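Just below is one structure, and these are the notes that go with it.
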Amino acid sequence: SASNLSTFYEEFRLVAANGAVRWIRSHAPPQSMSNGDVVWDGLAIEITAEKSSETELAFLAFHDPLTGLCNRLNFNNALARAIGLIDERKRMAVFIVDLDTFQEINDALGQSIGDDVLQMIGERLKASAERCQGIVARLGGDEFGIMIPDVSTDEQSIADLCQTICTEISRPLRISEHELVLQACVGVVIFPSDSDKQQAIIPDLAIELLKRADLALHIAKQEGPGAYSVYRPEADERLRNRMILRQSLHRGTEEKQFELHYHPLVALSSGRIVGAEALVRWNHPELGMQRPDMFIPLAEASGAIIPLGAWVIAEAMAQHQAWARAGLAPPPIAINVSSVQLRKPGFIATVEQALAETGADPRNFEFELTEGLIIEPSPEIFHTLSWIKSLGFGVTIDDFGTGYSTFKYLRDFPIDKIKIDQTFVRQLVIGSSDASIIKAMIALSRSLGVKIVAEGIETMMQRDFLRDEGCEIGQGYLFGAPLTAEDFGWLQRSAITLPVT
Ligand code: C2E
Ligand code: CA
Ligand code: CA
């Protein structure tokens, strides 16, 4: 049995004589009778379905179903661990490998041959990476990631490593009657570099390293098949921009350089708009309009997220009220909340103040929390979430499937909705095996009685699949880009359905 202290029930795994496993959740405290017997009196429900979707989901969430290699999430975690373990004298290398002619093979010979190619290439890369304690992941499509924890950094050694990768891939592949020859491009980043040591904080370093390797890959691709390229900080404009952004964040908050855009949430069956997600933009005086991925991590690291986040909440509420006053019937608005905001004690006061200033009704808003936040639930966070819920706000888990498995918390926390992360939706086009992750999530949401939303829908095929599997609400570029308040107001007035065809 697995007892759970925060709630008052236990879970039992029952094994029948024929080996079949069933799970029971029961609320049945033991009682001593006067004759000395102990009886269990209470309630039990069967939760076998919930348990099996948990295990299936847990495997699928960390592995690429086709090659059995790590997936992107698992690779990110491994990078983060390796970064944490790296010592003074060592350098690690992260490669991104992109197959050049894969799409043509897939189109000409069919997906099943394409799958064989990916599996065989995956095995080769794995064998050669393991010789240097490295790990390999399939990052999506025909892209692989390789991490080698300890490399020599002279130019020749790095060139040799890239050459080895390219050679492994270009050795002919024999699949049934075909003999195929592929080529690859490779982008590589070495960590830490000299400039990394000068930079105090780089938020989310694992993701940053993948971005750098990706940048190098882009440069390699321009040279053509078989090329490789090493990341150079001088070539990275983002680095320079990030320094400017970091320095001007506080000023930007004071001078109200931010604005909110609204991204429609759509009922997949009818195309009607049933909500909007507020997404912050920074209209930077020097660098122009900035997306949040560029500055939210910086704001989180510097603390500027607190005033910025407070502004976002108040602005979304004020806008909802303004639409209502203008005679529209605005749908509920989802507001993103960073874990830094929620952990700080002032969050409740911030929300109270925004409600008081705007006169908004909490039932018209929901807060989106990233899954990572709920990993280490403290009594304070539980209290804040319960308070939010008691006022009538909705609570959604954002980017579901990208954090560690949080099924238990999902069950014990007051959650209304989960939002399937875009990476799963985007991979839907690549192979039907990816679809099983989404099916498992939908099954899980059903068994837990929470609503489910899919984001990042870009094609009709993705929408139809999700709708047919029972996901009712979606969001994505298929239905349109995030809109200014003015344009979103217009959309409400027009009673339009999306996508506009
Ligand atoms: P998110 O919460 O996962 O928001 C969804 C992001 O995906 C948005 O990017 C949206 O424009 C984009 N997106 C939506 N549909 C599609 C699609 O079909 N295809 C593609 N490729 N992308 C799509 P955006 O606006 O750049 O926001 C990035 C992230 O920044 C958000 O991710 C969220 O985590 C954070 N963020 C945005 N606004 C706020 C805010 O006010 N406060 C906090 N703390 N974080 C925010
Ligand atoms: Ca969100
Ligand atoms: Ca999201």
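The values are calculated or read from the model by the stated rules, or taken from the named source; none is laboratory data. Every value quoted in this text rests on a predicted model; they were computed, and no experiment measured them. Don't worry about glycine lacking a Cβ; one is built from the backbone with ideal geometry, like all the others, and counts go over all protein chains shown.
Residues in region 169-195 that are of a type in the set (A, V, I, L, M, F, W, C) and more than 19 Å from Ala213 (Cα to Cα): Leu173, Ile175, Leu180, Val181, Leu182. Restricting Ala354, Ala324, Ala334 to those that are in a helix (DSSP H, G or I), at pLDDT 90 or above and out of contact with any helix residue (DSSP H, G or I) (no Cβ under 7 Å at 6 or more places or on another chain) reduces the list to Ala324. When you look at Gly145, is it at positive phi and either surrounded by fewer than 18 Cβ atoms within 10 Å (Cβ to Cβ) or under 31 Å from the mean Cα position of the chain (by Cα) (or both), yes or no? The answer is no for Gly145. Region 33-151 holds helices (runs of 4 or more DSSP H) entirely within its bounds, and those carrying 3 or more residues that are farther than 30 Å from Val230 by Cα map to 48-60, 102-109, 111-130.
Here's the yes/no breakdown for (1) of a type outside the set (Lys, Arg); (2) more than 16 Å from ligand 2 (Cβ to nearest atom); (3) more than 22 Å from Gly145 (Cα to Cα); (4) modelled with pLDDT under 95:
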position	(1), (2), (3), (4)
Leu217	yes, yes, no, yes
Glu237	yes, yes, yes, yes
Ile244	yes, yes, yes, yes
His250	yes, yes, yes, yes
Leu260	yes, no, yes, no
Asn283	yes, yes, yes, no
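Scanning region 229-279 for residues that are hydrophobic (A, V, I, L, M, F, W, C), farther than 24 Å from Phe367 by Cβ and either within 16 Å of ligand 3 (Cβ to nearest atom) or part of a helix (DSSP H, G or I) (or both) yields Ala235, Leu239, Met243, Ile244, Leu245.
Each residue in region 321-342 was checked for being touching a Ser or Thr at 6+ places or on another chain (Cβ under 8 Å) and either more than 16 Å from ligand 2 (Cβ to nearest atom) or in contact (Cβ under 8 Å) with a residue 60 or more places away in the chain (or both), and 2 pass.
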